[in-house]
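So the structure is just underneath, and the comments pick up after that.
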Amino acid sequence: MIAVANQKGGVGKTTTSVNIAAALSMNGQRVLVVDLDPQGNASTALATEHRGDVPDVYQVLVDDLPMADIVKQVPDMPGLYCAPATIDLAGAEIELVSLVAREARLRRALTAYEAELDYIIIDCPPSLGLLTVNALVAAEEVMIPIQCEYYALEGLGQLLRNVDLIKAHLNPTLRLSTIVLTMYDGRTRLASQVAEEVRAHFGDTVLNTVIPRSVRLSEAPSYGQSVMTYDPGSSGAMAYMDAAREIAHRAATV
Ligand code: ADP
Ligand code: MG
């Protein structure tokens with residue numbers, strides 16, 4: 001179970017969650033994406049209804065609805081499933097505060113969910129609030145997408161401290177397993193400088209595969225598709241296929 005987290009918005013959390021999940025499923029794995037962002041971008045990208053009164057992650061977290069009641073099979077993608085988020089989830093951040101075991105509600109729901117899955121990927125919101133805490137308490141691994149841009153490392157210390165706190169108090173087996181460099185523009189010195197700096201700091205945690213900046217990646221969600229089906233030959237599709245292969249390989253050698 002992998003939580004994809006970074007409290008900065010727009011760094012590629014959702015794009016990475018959706019496309020890694022799709023790539024893994026295309027390699028024969030059974031994968032559930034849990035959309036934990038009230039924006040519901042992952043649900044949109046996976047063509048999973050998340051408007052009006054469809055049951056969503058909010059009801060799982062706050063009303064104890066079983067996970068099985070909200071999970072949907074992603075159209076035309078065998079082995080890929082989505083637990084959608086509606087805008088209701090925006091209220092969960094506050095409503096969770098007064099609930100029992102408020103940090104462990106997602107873990108409890110996923111533990112009770114008896115589907116046979118190889119991976120669960122949790123797409124976190126751009127904050128370090130209770131939703132992200134729930135993801136970090138449920139997961140075994142954290143994956144952090146880092147955008148190859150100015151201020152890429154800003155705020156990362158805060159996220160890492162949170163991971164350490166959760167490890168110390170709530171989830172001892174949590175580990176920062178993966179850093180993925182996103183929106184890499186090979187033409188700029190800045191991008192290669194950021195990549196170098198991140199590798200110097202985090203070593204082998206950083207995937208060898210770097211995700212390039214690619215218009216196809218930003219277009220795919222509006223067609224409710226991963227980039228692998230939208231444009232399989234594009235640089236973004238190939239990069240996410242490679243990234244997924246690396247992740248599967250790492251999982252097999254841990
Ligand atoms: P987050 O979930 O961290 O907020 P997103 O995955 O939604 O970030 O990405 C933010 C925006 O950047 C989206 O419009 C997305 O389509 C676009 N984007 C993400 N990754 C890339 C990329 N490698 N190349 C081009 N556009 C990208
Ligand atoms: Mg997002």
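The values are calculated or read from the model by the stated rules, or taken from the named source; none is laboratory data. Since the model is a prediction, treat every value here as computed from it, not as a measurement. Glycine gets a Cβ as well: all are built from the backbone with ideal geometry, and neighbour counts include every protein chain shown.
Would you call Ala22 within 13 Å of ligand 2 (Cβ to nearest atom), in contact (Cβ under 8 Å) with a residue 24 or more places away in the chain, not in a strand (DSSP E or B) and not hydroxyl-bearing (Ser, Thr, Tyr)? No, not satisfied. Give segment 135-145 a look and list any residue that's among the β-branched types (Val, Ile, Thr) and in a loop (DSSP other than H, G, I, E, B), or say none. Within segment 135-145, none qualify.
Scanning segment 25-53 for residues that are within 13 Å of ligand 2 (Cβ to nearest atom) and in a helix (DSSP H, G or I) turns up Asn41, Ala42, Ser43, Thr44, Ala45.
The set of residues from segment 108-134 being outside any loop (DSSP other than H, G, I, E, B), under 15 Å from Leu80 (Cα atoms) and either within 16 Å of ligand 1 (Cβ to nearest atom) or not β-branched (Val, Ile, Thr) (or both) comprises Tyr119, Ile121, Ile122, Asp123.
How many residues are among the aliphatic types (A, V, I, L, M), free of Cβ contacts under 8 Å to residues at least 60 places away in the same chain and either closer than 17 Å to Ser177 by Cα or within 16 Å of ligand 2 (Cβ to nearest atom) (or both) when one looks only at segment 211-250? Of the residues in segment 211-250, 0 are among the aliphatic types (A, V, I, L, M), free of Cβ contacts under 8 Å to residues at least 60 places away in the same chain and either closer than 17 Å to Ser177 by Cα or within 16 Å of ligand 2 (Cβ to nearest atom) (or both). Scanning segment 205-218 for residues that are in a strand (DSSP E or B) and either closer than 21 Å to Pro75 by Cβ or not aliphatic (A, V, I, L, M) (or both) yields a count of 1.
Residues that are at positive phi, surrounded by 14 or more Cβ atoms within 10 Å (Cβ to Cβ) and modelled with pLDDT of 95 or more do occur in segment 75-93, at least one of them. Of all the residues in segment 234-254, those that are in a loop (DSSP other than H, G, I, E, B) and in contact with a helix residue (DSSP H, G or I) (Cβ under 9 Å, 6 or more places away or on another chain) number 1. Restricting attention to segment 146-163, the residues being part of a helix (DSSP H, G or I) and either within 16 Å of ligand 2 (Cβ to nearest atom) or closer than 25 Å to Ala92 by Cα (or both) number 7. Against the numbered list (1) of a type outside the set (D, E, K, R); (2) under 17 Å from the mean Cα position of the chain (by Cα); (3) in a loop (DSSP other than H, G, I, E, B), Pro221 comes up short only at (3). One residue stands out in segment 1-15 among those that are under 18 Å from Ser177 (Cβ atoms) and within 9 Å of ligand 2 (Cβ to nearest atom): the one that is farthest from the chain's Cα centre (by Cα), namely Val11.
Scanning segment 75-104 for residues that are touching a residue at least 24 places away in the same chain (Cβ under 8 Å), in a loop (DSSP other than H, G, I, E, B) and closer than 24 Å to Pro126 by Cα turns up Pro84, Ala85, Thr86, Ile87, Asp88, Leu99, Arg102, Glu103, Ala104.
Based on what the data block shows, is Ala168 farther than 24 Å from Gly236 by Cα, of a type in the set (A, V, I, L, M, F, W, C) and either within 16 Å of ligand 2 (Cβ to nearest atom) or buried (at least 20 other Cβ atoms within 10 Å of the Cβ) (or both)? For Ala168, the condition - farther than 24 Å from Gly236 by Cα, of a type in the set (A, V, I, L, M, F, W, C) and either within 16 Å of ligand 2 (Cβ to nearest atom) or buried (at least 20 other Cβ atoms within 10 Å of the Cβ) (or both) - is not met.
Filtered by the rule that a residue be away from ligand 1 (no atom under 14 Å from the Cβ) and of a type in the set (Val, Ile, Thr), segment 2-54 gives Ile2, Val31, Thr48, Val54. Just one of the listed residues (Leu181, Leu159, Leu176) is within 13 Å of ligand 1 (Cβ to nearest atom), surrounded by fewer than 21 Cβ atoms within 10 Å (Cβ to Cβ) and within 18 Å of the chain's Cα centre (by Cα), namely Leu159. A count restricted to segment 164-204 and to residues that are acidic (Asp, Glu) and not in a helix (DSSP H, G or I) stands at 1.
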